[in-house]
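Reading through the structure tokens given below for one structure.
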Amino acid sequence: MDFQLPADVRELRDRTRRFIAEQVLPFEETVAHRGHGPSEELRQELVSRARAAGLLTPHASTEMGGLGLNHVAKAAVFEEAGYSWLGPTALNIHAPDEGNIHLMEEVATTAQKERWLRPQVAGRSRSCFAMTEPDGAGADPGMLQTLAVQDGDGYVINGRKWFITGAEGADYAIVMARMEDGSATMFLTDMDRPGIRLERNMDTMDTCFTGGHGVLVFENLRVPATDVLGEVGKGFRYAQVRLAPARLTHCMRWLGQARRAHDIALDYARRRHAFGKPLAEHEGVGFMLADNDIDLHTARLHIWHTAWLLDQGHKGTFESSRAKVACSEAQWRVVDRCVQILGGLGVTEDTPIMRIFMDLRAFRIYDGPSEVHRWSMARRLVREAERKG
């Protein structure tokens with residue numbers, strides 16, 4: 001693996017870094033730290049700036065209007081965008097839209113792409129991915145309870161979903177439902193169709209996702225057969241098409257936030273004095289700064305290696321699980337240390353670190369808790385050991 005980025009990717013990375021510093025970070029001061037993510041008005045303003053800068057939706061194909069970045073290039077650009085909690089929104093690479101765009105590119109028909117994907121790549125619409133359920137699917141998709149029943153030339157869907165990121169204000173949804181034979185299918189639906197109700201938005205620790213995390217109720221939602229995403233019965237297979245890269249792009253974006261927290265803590269430790277010398281000269285603080293650098297570097301290596309494998313055509317399911325656990329926990333340790341270094345200041349809104357701390361904590365849970373990924377990895381390791389005899 002060559003760790004040297006091509007010149008054009010380095011230029012794009014640096015341009016993204018400047019864009020975030022000059023045009024995105026100033027907006028953080030104008031947005032309250034509570035609520036359910038950036039408003040639609042703010043999203044549109046940020047998107048318009050990224051569009052003007054030539055940075056909008058860089059992961060989408062050039063055919064759809066993006067920059068067609070491969071996974072390694074995304075790793076460089078997404079980290080820079082993640083330096084601000086508003087950066088992914090600005091570049092239109094935030095969850096769940098980033099993963100949905102990837103899935104639609106891979107699976108959707110030409111008509112579906114023109115109807116739903118192209119406006120989304122242009123930043124004119126948003127989406128949500130409705131799979132997780134209060135009494136069913138979550139870390140275990142096999143517990144899916146939402147049911148789709150064939151009715152004439154279409155399907156009728158009934159069920160309840162929660163933790164549906166971006167549901168409020170989304171233009172369309174990808175809905176995962178169980179079929180009568182026990183298989184799963186993905187359906188596309190406009191969010192203003194009869195039979196879809198946003199019951200409430202959940203109050204969560206993280207507040208960086210546009211539209212927050214909603215509870216959706218489907219009551220006799222009718223979806224025509226033309227709006228099936230991919231093939232009937234292959235929903236679980238398509239979920240892996242979406243989730244493996246999406247786990248990795250989460251790691252990329254949160255690496256930017258962890259790096260920012262470290263930058264703030266490092267600057268504070270150089271300037272703040274205690275017991276006759278700067279904090280950074282005390283071993284307790286200095287060791288935390290060193291451990292931060294180790295964790296940041298280790299996380300970046302996991303990301304780049306897994307991205308490189310995906311670019312080589314590997315499915316990367318095992319590797320993305322490994323990266324998700326390693327990165328989420330390393331990045332969490334970095335931010336936790338930064339709070340400790342800042343002391344009392346670290347638990348206030350006087351710096352961005354408290355917000356980063358609250359937003360990042362959820363990353364160890366969503367897109368699969370660390371324990372589920374470890375369990376899945378262990379099962380594969382045992383199977384491979386048994387196969388080798």
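The values are calculated or read from the model by the stated rules, or taken from the named source; none is laboratory data. Only a predicted model underlies this, so the values are computations on that prediction, with no experimental measurement involved. Glycine gets a Cβ as well: all are built from the backbone with ideal geometry, and neighbour counts include every protein chain shown.
For the reader, a short list of remarks on this structure follows.
- Given (1) among the acidic types (Asp, Glu); (2) part of a helix (DSSP H, G or I); (3) surrounded by 15 or more Cβ atoms within 10 Å (Cβ to Cβ), index of the condition Glu371 fails: (3)
- Unmet criterion (only one of (1) surrounded by fewer than 20 Cβ atoms within 10 Å (Cβ to Cβ); (2) modelled with pLDDT under 95) for Met377: (2)
- Scanning segment 192-245 for residues that are in contact with a helix residue (DSSP H, G or I) (Cβ under 7 Å, 6 or more places away or on another chain) and aromatic (Phe, Trp, Tyr) yields Phe236, Tyr238.
- Meets criteria (touching a residue at least 24 places away in the same chain (Cβ under 8 Å), over 29 Å from His213 (Cβ atoms) and outside the structural domain of Gly169 (by TED's automatic domain parsing)) for Asn100: no
- Note on segment 341-351: among residues that are part of a helix (DSSP H, G or I) and not aliphatic (A, V, I, L, M), the one that is surrounded by the fewest Cβ atoms within 10 Å (Cβ to Cβ) is Gly344.
- Subset of segment 120-144 that is surrounded by fewer than 18 Cβ atoms within 10 Å (Cβ to Cβ) and closer than 19 Å to Lys234 by Cβ - its residue that is nearest to the chain's Cα centre (by Cα): Asp140
- When segment 107-125 is filtered for residues that are farther than 28 Å from Gly368 by Cα and in a loop (DSSP other than H, G, I, E, B), the ones remaining, listed by number, are Thr109, Ala122, Arg124.
- Against the conditions (1) touching a strand residue (DSSP E or B) at 6+ places or on another chain (Cβ under 7 Å); (2) buried (at least 17 other Cβ atoms within 10 Å of the Cβ); (3) within 18 Å of Thr226 (Cα to Cα), Thr165 satisfies every one except (3).
- The set of residues in segment 160-189 that are assigned to a strand (DSSP E or B), farther than 14 Å from Asn100 by Cβ and not small (Gly, Ala, Ser) comprises Arg160, Lys161, Trp162, Phe163, Arg178, Thr185.
- If you go through segment 197-229 and pick out every residue that is surrounded by fewer than 20 Cβ atoms within 10 Å (Cβ to Cβ), modelled with pLDDT of 95 or more and not acidic (Asp, Glu), you end up with 12.
- Flag for Leu25 being closer than 24 Å to Pro119 by Cβ, modelled with pLDDT of 95 or more and not assigned by TED's automatic domain parsing to the domain that holds Glu349: no
- Residues of segment 126-159 that are of a type in the set (Asp, Glu), over 17 Å from Val241 (Cα atoms) and either part of a loop (DSSP other than H, G, I, E, B) or assigned by TED's automatic domain parsing to the domain that holds Glu371 (or both): Glu133, Asp135, Asp153.
- Taking the numbered list (1) surrounded by fewer than 22 Cβ atoms within 10 Å (Cβ to Cβ); (2) touching a residue at least 40 places away in the same chain (Cβ under 8 Å); (3) under 19 Å from the mean Cα position of the chain (by Cα) in turn, Ala323 passes all entries but (1).
- Residues that are in contact with a strand residue (DSSP E or B) (Cβ under 8 Å, 6 or more places away or on another chain) and not in a helix (DSSP H, G or I), drawn from segment 79-98: Ala95, Pro96
This table checks each residue for (1) within 18 Å of Gly212 (Cβ to Cβ); (2) of a type in the set (A, V, I, L, M).
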| residue | (1), (2) |
| --- | --- |
| Gln112 | no, no |
| Ala130 | yes, yes |
| Ala137 | no, yes |
| Leu144 | no, yes |
| Gly154 | no, no |
| Ala170 | yes, yes |
| Asp181 | no, no |
| Thr185 | no, no |
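- The set of residues from segment 352-368 being assigned to a helix (DSSP H, G or I) and surrounded by fewer than 22 Cβ atoms within 10 Å (Cβ to Cβ) comprises Met354, Arg355, Phe357, Met358, Asp359, Arg361, Ala362, Arg364.
- Of all residues making up segment 250-292, the number that are loosely packed, with under 14 Cβ neighbours inside 10 Å and either assigned to a helix (DSSP H, G or I) or under 29 Å from the mean Cα position of the chain (by Cα) (or both): 8
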